[in-house]
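Presented below is the structure to which this report refers.
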Amino acid sequence: MFKVTIDGKTIEVQEGTTVLDAAKMLDIPIPTLCHHPKLTPFGGCRLCIVEIKGIPRPVTSCTTPVSDGMEVTTSNPYIEDLRKTVLELILSDHPNDCMVCEKAGDCTLQELAYFYGIRENRFEGERRIYTKRDGNPFIERDLEKCIMCGRCVKVCDEVEGVGAIDFGYRGFSSKICTPFGKDLNCEFCGQCVAVCPTGALTGKMWKQKGRQKDIKEIETTCPYCGCGCSLTLHVRRNEVIKITSREDTLNEGWLCVKGRFSYSFINSPDRLTKPLIRIAPKDQSNPPLPPFVKGGRGGINNSLLVTRYSSLFREASWDEAVDYIAKRLKTLKDKYGPDAIAGLSSARCTNEENYLFQKFMRAGIGTNNIDHCARY
Amino acid sequence: MQKNNLKKVIVRVCIGTGGLAAGGKEVIDAFKKEISDRCIDIDLDFTCHYQKVGCRGFCARDVLVDVVDGDKSLTYQCIKPEMAARIVDEHLIGGKPVKEWLIDDTYYAFHAKQKKILLKDCGTIDPEDINAYIDVGGYSGIKKVLSEMNPEDVISEIKASGLRGRGGAGFPTGLKWEICRKTPGDTKYIICNADEGDPGAFMDRSIIEGNPHSVIEGMMIAGYAVGSDHGYVYIRAEYPFAVERLRLAISQAHERGYLGKNIFGSNFGFDIKVKLGAGAFVCGEETALIASIEGQRGMPRAKPPFPVHHGLWGKPTVINNVETLSNIPYIIRNGAQWYASIGTEKSKGTKVFALTGKVKNTGLIEVPMGITLREIIYDIGGGIIGDREFKAVQTGGPSGGCIPAEMLDIPVDYESLAQVGSIVGSGGMVVLDETDCMVNIARFFLEFTQAESCGKCVPCRIGTKRLLEILDRITKGLGREGDIELLQKLSSDIKAASLCGLGQTAPNPVLSTIRYFREEYEAHIRDKKCPAKVCRDLLTYYIIEEFCKGCGACLRACPSGAITGEKKKLHKINPDICIKCGACFEVCKFKAVGRE
Ligand SMILES: Cc1cc2nc3c(=O)[nH]c(=O)nc-3n(C[C@H](O)[C@H](O)[C@H](O)COP(=O)(O)O)c2cc1C
Ligand code: SF4
Ligand code: SF4
Ligand code: SF4
């Protein structure tokens, strides 16, 4: 254990703890932009600089491990002045269009500019202009807002193991690049969006859907797979407009493309919300299926659906539907034996549900014809 | 005709990069041809060798050719292929040197104050032949180390020599090795930093091209001292010639069993890999260099941990500069005492500089530490071209500063140069005269550092861009009151807040030019004038009445039609149309065009 004194307060910490983490334990705030607790330290934004007795120049607290007896000053006029210069420099190369930015109200850069009271900028000058819009379906990449903190690069490499993006070019023109400058084509897990401290990375489907203040956050579990990641639904006027996940959950805030972006089904008019029972006999029924019409919600033109299926199905209650299924299964089993029936379950279900399902098939129906997309 | 009988005549041709650019290869071919032609024709009775050697330093007088006749050696300067025939006829055959082509006093003056340790062999041995190096004592250092010394002895010998890193920071080499040796670990690495990214620097390249085996031997000794059996040379791909020579040298050393396992029958083994860099200045920074070898983007990381603790692939690693390593065999061969006797109290040995700019004799020089700038510029460099007035000398490349005339008598060593706001750095030395604008010089270096910043940290990536923009507008006549203070404030913040040496030193050219040439900045900002008459936007061209003969040359030369006037009458420049190209200034034979 090392003893370290930060702004006059002393604490004992484990060897290897960074000055920034030690300060956090003492509840001493140090501003950061590029730091993320789940990623390896970067030391690029230079905001977390502190003074350490015996070291002639300021050092970044995120990269400096404590040593025994270390004395740290996290704030004095000199350090705050340096931080202000750094912030002004960042803002001198930023669109500063918070009025229309998707991230406003939830943006670390905006918050720091507010706390440091930056209005005029001594360093105004050329700003990077990128006109090309990334054509990928999920992630809006507005690189003019990028502050090059490198969090997205690291999360993609260290957490997602994909490495779809990296730094490119040098000097003022350096930027986060996709391979060969093409449209982003990756897992679309959105981990990078989750860690971006600015409005550089946002969800395309979030656009103009609502500000944070109008949003009700609802905690729930992702329905897509058995992992059961925790989701935070951002709901405005009874519509889910964005999904995030908190860092203190089992999945540590990481999600996959389905959990993070595939929520448009919730309010889709195509969504089946009640059981349907077939009314037309099977053999003579099926009119040739019309081709899928692109452009409607969920990719299918809704009006076509209604006219086509309303002649084939009728709505039923859950009780009626379950009874109907039970009756039909029983008939089939009596007639052809239990092995005429097979069950296919899904990785989307929880372990408990999958257990129950195989139990139902084996004990209830009496067959071993049971499988699962990821195998039982 | 027979007086050269049985004597061995050697013709040496300089084929360093400077020599090659000046036509060294063609000169060799010419000599080869002339000699073989004559041999067949005249059937002479002496053996004549032509020999390739590395850079001799005096690039302004390339191609240099030595004719060694027994113990007498004469040097020709500025030799072209067509001159070979006459030298062969008159000197080699006739025994009478071609006097007017021989080197003159300047050549001797150029060498008089130099102290050549590294460059001595560089200019005399064939770099493509391991035997040439062995003949001058090469590889005896590693032999001695392996047979007589234990690693600790080697480290204390290097410590006693006082050798400090030549890559820029001047860290004591022996101490670096000692720390690495003491760091626990089975695998350790030696890296030779041959990235040499400073604009205008070519010391490391010349050493590798002229004496690659000395670098290899230095690395082997370092490996033995530190406990490493594996070395990397990180060299920029823009040095294809140096890479080729280095690879050849490594393969020759392998063939001899000097590299590989059980070197000289000992337990010590060492091997060297060559890694090519893609020519990013920042990849010379040690942590960025390591990242680059590991296959990542060359971006520096925060230190500590230092490479000696956590280096390549996370293993303890010594990174040394080419020149540093090249010094090692000579120190081991001649002893620490000998090395420490050269130089000043805190800076020992010699340093190689690339002397360029407005001096008469440009080239590569090796001088003892502690020599004064005046000696370098006036004695070795021969003074300023056109005997104009000396203004400043820029040392240390983009990380360094400008030293003004008042300080010409300071000694060249790590501490003294740092004290006046510059650095020894890797050894660039650019001499500036009254026709150089200091604001423009600062702008030039900032343009370089800005483009080479890795982009990782804000003060360097955006801060240097803003510095450059401010300097740019000053040179364009758009400077504002307060710009000097803003430059100083931003510079000191960038220095304090940047992550690596690049950002921490990038503002030095700005700060040192403001420090010593503030009035020049003020003239640009307040009077919108460039005293050195360099900044185009600040110049006005006019015609001096009493000199103008009305010849019309300026009128014809002006591309924008700004000049009017009838024949034999006074001409006039309309400043509103003038685009300040200077064409009239160049063509007027009567010096009737003025500018200010
Ligand atoms: C931006 C930057 C560029 C550098 N470039 C070089 C270089 O080209 N060659 C070199 O030997 N050292 C260079 N260095 C210094 C190295 O980081 C390192 O200090 C040096 O190689 C150590 O060797 P030495 O102790 O022998 O000097 C550079 C440093 C910085 C910050
Ligand atoms: S969406 Fe996921 S895979 Fe794609 S770049 Fe971002 S982190 Fe990487
Ligand atoms: S896109 Fe966002 S996370 Fe990525 S470097 Fe830029 S600001 Fe950081
Ligand atoms: S100081 Fe410049 S070169 Fe060094 S890490 Fe920062 S941005 Fe990169």
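Points to keep in mind about this one:
- Count - residues of segment A:161-174 that are within 8 Å of chain B (Cβ to nearest Cβ) and not hydroxyl-bearing (S, T, Y): 5
- In segment B:417-431, residue nearest to the other protein chains (Cβ to nearest Cβ) [restricted to those that are surrounded by fewer than 21 Cβ atoms within 10 Å (Cβ to Cβ) and closer than 15 Å to B:F517 by Cα]: B:G421
- Conditions (1) more than 10 Å from every other protein chain (Cβ to nearest Cβ); (2) within 17 Å of B:V458 (Cα to Cα); (3) out of contact with any Lys or Arg (no Cβ under 8 Å at 6 or more places or on another chain); number of the one not met by A:E144: (3)
- Residues in segment A:109-125 that are more than 14 Å from chain B (Cβ to nearest Cβ) and under 25 Å from the mean Cα position of the chain (by Cα) were compared, and the one that is surrounded by the fewest Cβ atoms within 10 Å (Cβ to Cβ) is A:E111.
- Filtered residues of segment B:417-453 (kept if modelled with pLDDT under 95 and among the polar types (S, T, N, Q)): B:Q419, B:S422, B:S426, B:T435
- Selected residue (only one of B:I514, B:I494, B:I484 is modelled with pLDDT of 95 or more, more than 8 Å from every other protein chain (Cβ to nearest Cβ) and over 29 Å from the mean Cα position of the chain (by Cα)): B:I484
- Being surrounded by fewer than 21 Cβ atoms within 10 Å (Cβ to Cβ), within 14 Å of chain A (Cβ to nearest Cβ), away from ligand 4 (no atom under 16 Å from the Cβ) and not hydrophobic (A, V, I, L, M, F, W, C) is a description that does not apply to B:E522.
- Of all residues in segment A:233-251, those satisfying the criterion of being β-branched (V, I, T) and either within 16 Å of A:M205 (Cβ to Cβ) or buried (at least 18 other Cβ atoms within 10 Å of the Cβ) (or both) are A:V235, A:V240, A:I241, A:I243, A:T244.
- If only residues of segment B:279-294 that are at pLDDT 95 or above and part of a loop (DSSP other than H, G, I, E, B) are counted, the one that is nearest to ligand 4 (Cβ to nearest atom) is B:E285.
- Every condition in (1) within 14 Å of chain A (Cβ to nearest Cβ); (2) within 14 Å of ligand 1 (Cβ to nearest atom); (3) surrounded by fewer than 24 Cβ atoms within 10 Å (Cβ to Cβ) is met by B:P300 except one, and the failing one is (3).
- Elements of type helices (runs of 4 or more DSSP H) in segment B:175-262, at least 1 residues being among the charged types (D, E, K, R) and touching a strand residue (DSSP E or B) at 6+ places or on another chain (Cβ under 8 Å): B:203-210, B:240-255
- Of all residues in segment B:279-290, those that are within 14 Å of another protein chain (Cβ to nearest Cβ) and touching a Pro at 6+ places or on another chain (Cβ under 8 Å) total 5.
- Within segment A:45-98, being more than 7 Å from every other protein chain (Cβ to nearest Cβ), in a loop (DSSP other than H, G, I, E, B), among the charged types (D, E, K, R) and under 36 Å from the mean Cα position of the chain (by Cα) holds for one residue alone: A:D97.
- For segment B:307-397, the strands (runs of 3 or more DSSP E) that sit wholly inside it and include 3 or more residues that are outside the structural domain of B:M203 (by TED's automatic domain parsing) are B:350-357, B:363-368, B:390-395.
- Within segment B:475-499, if we keep just the residues that are among the aliphatic types (A, V, I, L, M) and not in a helix (DSSP H, G or I), the residue that is farthest from ligand 4 (Cβ to nearest atom) turns out to be B:L478.
- Selection status of B:R388, more than 12 Å from chain A (Cβ to nearest Cβ), surrounded by fewer than 24 Cβ atoms within 10 Å (Cβ to Cβ) and among the basic types (K, R): yes
- Test set (1) closer than 30 Å to B:G503 by Cβ; (2) surrounded by fewer than 19 Cβ atoms within 10 Å (Cβ to Cβ); (3) out of contact with any strand residue (DSSP E or B) (no Cβ under 7 Å at 6 or more places or on another chain) - A:K182 fails condition number: (1)
- Test set (1) surrounded by fewer than 17 Cβ atoms within 10 Å (Cβ to Cβ); (2) within 16 Å of ligand 4 (Cβ to nearest atom); (3) of a type in the set (S, T, Y) - B:S266 fails condition number: (2)
- Filter result (crowded, with 20+ Cβ neighbours inside 10 Å and either out of contact with any strand residue (DSSP E or B) (no Cβ under 6 Å at 6 or more places or on another chain) or touching a residue at least 60 places away in the same chain (Cβ under 8 Å) (or both)) within segment A:37-58: A:P41, A:F42, A:G44, A:C45, A:R46, A:L47
- For A:V257, the requirement of being more than 14 Å from chain B (Cβ to nearest Cβ), surrounded by 19 or more Cβ atoms within 10 Å (Cβ to Cβ), more than 16 Å from ligand 4 (Cβ to nearest atom) and at negative phi is not met.
- Among the candidates A:C152, A:C177, A:C196, A:C189, the residue that is more than 9 Å from ligand 3 (Cβ to nearest atom) and crowded, with 22+ Cβ neighbours inside 10 Å is uniquely A:C189.
- From the options A:K24, A:K38, residue that is under 19 Å from A:T198 (Cα atoms), of a type in the set (D, E, K, R) and not in a strand (DSSP E or B): A:K38
- Some residue of segment B:535-548 being under 22 Å from B:V393 (Cα atoms) and away from ligand 1 (no atom under 16 Å from the Cβ): yes
- Tally, over segment A:172-204, of residues that are more than 9 Å from ligand 2 (Cβ to nearest atom) and within 21 Å of A:M99 (Cβ to Cβ): 8
Here is a yes/no grid of residues against (1) surrounded by fewer than 23 Cβ atoms within 10 Å (Cβ to Cβ); (2) outside any loop (DSSP other than H, G, I, E, B); (3) within 16 Å of ligand 3 (Cβ to nearest atom); (4) at the interface with chain A (Cβ under 10 Å from one of its Cβ atoms):
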residue: B:T435; (1), (2), (3), (4): yes, no, no, no
residue: B:N440; (1), (2), (3), (4): yes, yes, no, no
residue: B:F445; (1), (2), (3), (4): no, yes, no, no
residue: B:A451; (1), (2), (3), (4): yes, yes, no, yes
residue: B:C454; (1), (2), (3), (4): no, no, yes, yes
residue: B:T464; (1), (2), (3), (4): no, yes, no, yes
residue: B:L467; (1), (2), (3), (4): no, yes, no, yes
residue: B:R473; (1), (2), (3), (4): yes, yes, no, yes
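- Residue match in segment B:205-216 (condition: among the charged types (D, E, K, R) and at pLDDT below 95): yes
- On inspection, B:P305 passes the criterion of being surrounded by fewer than 23 Cβ atoms within 10 Å (Cβ to Cβ) and either without any contact (Cβ under 8 Å) to a residue 40 or more places away in the chain or under 26 Å from B:Y108 (Cα atoms) (or both).
The values are calculated or read from the model by the stated rules, or taken from the named source; none is laboratory data. Everything numeric in this text was worked out from a predicted model, so none of it was measured. FYI the Cβ positions are ideal-geometry reconstructions off the backbone, even for glycines, and counts take in every protein chain you see.
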